[in-house]
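As C-alpha cells, the structure follows; a few thoughts come after it.
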Ligand code: SF4
Ligand code: FES
C-alpha cells in the first residue's frame, strides 16, 4: 500500500546501500511492477496508465497514458524507447537523484515500455555534466542484464529481447527538446526538428519513438505495482502521483523533496519539513517555477496557492520540471530577467531567425531597462518582440522564452517603468 | 598534440563499440582523459575514420556542443555556474574573485598553464550554489575563504584525481 505524505519515488534512496544492486532493489519492491506487467494483457497496462493520470514530468505535463496509447496504436515492427535524462533546466536536479541513487527504477520503467511496445532498443540520453552518474547507471544496466531483466529472452519470455544504451550529451540545453535529443542520439548536432510529424510516428531513425523523462519512467513501476487508482489518489484531479520538487535560491532548506500533488505552496516554502522560509532574513518576493522557461509568480499573490497542475494553472503558473527558485525582495525582477534572457540567447540553437535574433534583442532591451537607459517605446518594443519570438519560433525553447518575461512584466510593471529615462542622464564622475 | 597514445584513443573508441551513436561519449572520454583537455585535429580525424563519419560531421559536432573543446585547456578549468539560482546565492562574486586571484580574464590560461575559468549554465547542483566544477567534481557552498583554499589546494596538488 502506498500512502499520502510518504516518499514513493524517493523511498529506496535512503534505504539502499548499493544503488545498483538488483537483490537490494528487489528487497524494496523492485521489479514487481514489471513482474505484474508481464502477467497482464497489454491493453490492461494502458488502462492502468490512463487511470493513474501521470503527466509527463519533464515539463510539458502531457498525459503519459495518451502518449503511450498513441505509440501503441502506431503500426511498425520497429519502435524505440528513449529516456530523456538531459536535465539542464536551471534550478532542477531531481533526475540526477534518481539516476544516481535509484537507477534501477528508471530501468524498470524503461523495460516495461520495452515489453509493452515490443521494442528491441532503448536509449537513455544523459547530460554530459552527469558523466560520473553515467558510470553508475551503466553498472545498474549490467547488473540488471546479469539478473535477466535485460538482454535476450527477458524473464524467460521467448522473443522479449531488449537492450538499453547510454548516450551522452555534451552541453547543449536545446537537446532537452525531444526531437533535438533524437538527432543527437543519431550522432548529429542536436538541433530540433520541424514538427509535425509527431515523434510517436516518425522519431528516432524515422521510426515510432516514445520519449519520456526520467521521473516519468520511475513512476511507471509504481503504477503497475500499486494500481492506477492508488497512484492517482496520491495526487489531484488533474494529475496523479507525487512530484519531485527542487527548492533553491533564497530558501533556507535548499534541496530535493517529494510532495503529493495538492500540497499547499505555503507549506512547501515555510514549513520546517520543506523550505523553512527565507534564508536571508528578508521577505521572499517571487518564485520562478519549472526552470528558465517557466513563469514567475509574485509571492504576494500566492497565499492560497496549491501545488498541483490545476492549482498553478489557476494562477497562470506551471509545474514544469519541478524547479522552485525563490528570490527575496532585494532581487530586482529586471535584473533577474536579464540573466534569464542571457541564458536563452546563449542556448538558442540558431536554427530559426526569430529565436536566434529575438533572444538577443530581448536581452538588449532588458539590459536597457536594467541600466535605466530605456526610452519611451521600449516597453512596447519588448512586448512585441516577446510576441514574435513566441509565435514564430520552431521549437519549445523559442516558444517559451517569453513566459518568465511576461509574468515579470505583469506583476512588477513599476520596476520596468523605473528603467525608462524620463530626464537626460546626469553626467557621472568629475568635471571632465 | 594530444597526450593520449593512439592505442589509448582506440581503446576508448572500441569500449564504445565504434558506435557512431556514441560519438559524444567517445569525444568526451578522450577529452577528459587527455591532459590538454581538447580534441585536436588528429583525434577528430581518427574518430571520423573509425566511426565512418565525415570529418565535417565531427567538426560540426565539436563546434555545437559546449563541453567539447578544440583549443588546449589549462590543467584545471574552473567552471562557474552562472544560472540564476546560483548567481543570486553568491555566484556573482566568483568570476570577479577568480580574475583577482588568477590575474587573467575568463577563458585565458594563467601563464603557468595551471588555471583557467569561465561561466557555464546550471550543472544540477543548484542546492549547493555558488558552485565551481572542475572535470567531474563539484565544489559547492563556496565562500570567499573556500575559493582561496581551493586555489591553494589545487596549486599544492591536493586533488590528484582532477
Ligand atoms: S526556436 Fe530556437 S532553439 Fe528552437 S529550433 Fe529555433 S533557433 Fe533552435
Ligand atoms: S543553477 Fe547553478 S547548478 Fe543549477
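Throughout, read-outs are computed from the coordinates displayed, never taken from laboratory work. In this text, all values refer to a predicted model and were calculated from it rather than measured experimentally. Using ideal geometry, Cβ is built from the backbone for each residue, glycine included, and neighbour counts are taken over all protein chains shown.
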Could you bin all the Cα-Cα distances of chain B into 10 Å bins starting at 0 and give me the percent of pairs in each, rounded to whole numbers?
10, 36, 31, 19, 4, 0
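In nm, what is the difference between 0.36 nm times the number of residues separating residue B:33 and residue B:100 and their Cα-Cα distance? Write down the numbers at each step before the final one.
On the way: separation 67, 0.36 × 67 = 24.12 nm, distance 2.96 nm.
Result: 21.2 nm gained on full extension.
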Under a plain spin-label model, where a point goes 7 Å from the Cα along Cα-to-Cβ, how far apart in nm are residue A:391 and residue A:29?
4.9 nm
Give, as ranges by residue number, the residues of the range B:97-125 whose backbone N falls under 20 Å from the point 7 Å along Cα→Cβ of residue B:144.
B:97-104
Rank-order B:54-60, B:127-133 by packing density, defined as the average count of other C-beta atoms within 10 Å over each peptide's residues, highest first.
B:127-133, B:54-60
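Over its Cα atoms, what ratio of radius of gyration to 2.2 N^0.38 Å does the range A:22-234 give? Don't jump to the answer; show the numbers that get you there.
Numbers: Rg = 15.8 Å, N = 213, 2.2 N^0.38 = 16.9 Å.
Here the answer is 0.94, to two decimals.
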When the Cα atoms of the range B:85-162 are enclosed in a convex hull and the volume is divided per residue, what value in Å³ results?
89 Å³
Quantify how strongly other chains surround peptide A:183-192 by giving the mean number of their Cβ atoms within 10 Å of each of its Cβ atoms.
4
Please give the Cα centre distance for the range B:84-147 versus the range A:125-159, rounded to the nearest Å.
34 Å
Along the Cα-to-Cβ line of residue A:364, 7 Å from the Cα, sits a label point; which residues in the range A:387-410 have backbone N less than 14 Å from it?
none
Stretch residue A:77-residue A:417 to full length: gain in nm at 0.36 nm per residue minus the Cα-Cα span?
116.5 nm
How big is the C-alpha Rg of the range A:333-419 next to the rule-of-thumb value 2.2 N^0.38 Å, as a ratio?
0.99
Distance in nm between pseudo-label sites at residue A:163 and residue A:383 (7 Å out along the Cβ direction from Cα)
5.7 nm
Number of partner chain Cβ atoms within 10 Å, mean per residue of B:115-128:
6
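Arrange the peptides A:133-141, A:301-309, B:142-150 so that the one whose residues have, on average, the most other Cβ atoms within 10 Å appears first.
A:133-141, A:301-309, B:142-150
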What does the average come to when, for each residue of peptide A:288-296, you count the partner chain Cβ atoms lying within 10 Å of its Cβ?
1
Theoretical FRET efficiency, 1/(1+(r/R0)^6), r = Cβ-Cβ of residue B:161 and residue A:198, R0 45 Å, to 0.05
0.50
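If you build the convex hull over the alpha carbons only and average its shadow over all orientations, what do you get for the range B:6-64? Give it in nm² to one decimal.
On the way: hull surface 14.1 nm².
For the range B:6-64, the mean projected area of the Cα convex hull comes to 3.5 nm².
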For the protein assembly as shown, share of DSSP beta bridges that run antiparallel, in % to the nearest 5:
45 percent
Helix-derived [θ] at 222 nm for chain A: sum -39500 (n - 2.57) over DSSP H runs of at least 4, divide by residue count, nearest 500?
-12000 deg cm²/dmol
Chain B: relative contact order in percent, alpha carbon pairs under 8 Å with at least 6 residues between
18 percent
Per q in 0.12 1/Å, what log10 I(q)/I(0) does a Debye calculation on the alpha-carbon atoms of the range A:201-303 return?
-0.55
Treating the Cα atoms of chain A as identical point scatterers in vacuum, please give the log10 of the normalised Debye intensity I(q)/I(0) at q = 0.07, 0.10, 0.14 Å⁻¹, two decimals.
-0.36, -0.71, -1.30
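When the convex hull of the Cα atoms of the range A:228-356 is projected onto a plane and the area is averaged over all directions, what value comes out in nm²?
If I average the Cα hull's projected area over directions, I get 9.2 nm².
Could you work out the relative contact order of the range B:76-156, using alpha carbon pairs under 8 angstrom and six or more residues apart, expressed as a whole percent?
So the answer I get is 36 percent.
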With an 8 Å cut-off on Cα pairs and a minimum separation of 6 or more residues, tell me the relative contact order of chain A in percent.
16 percent
Within the range A:382-417, which residues have the backbone N less than 14 Å from the label spot 7 Å out from residue A:372 along Cα→beta-carbon, could you tell me?
A:415-417
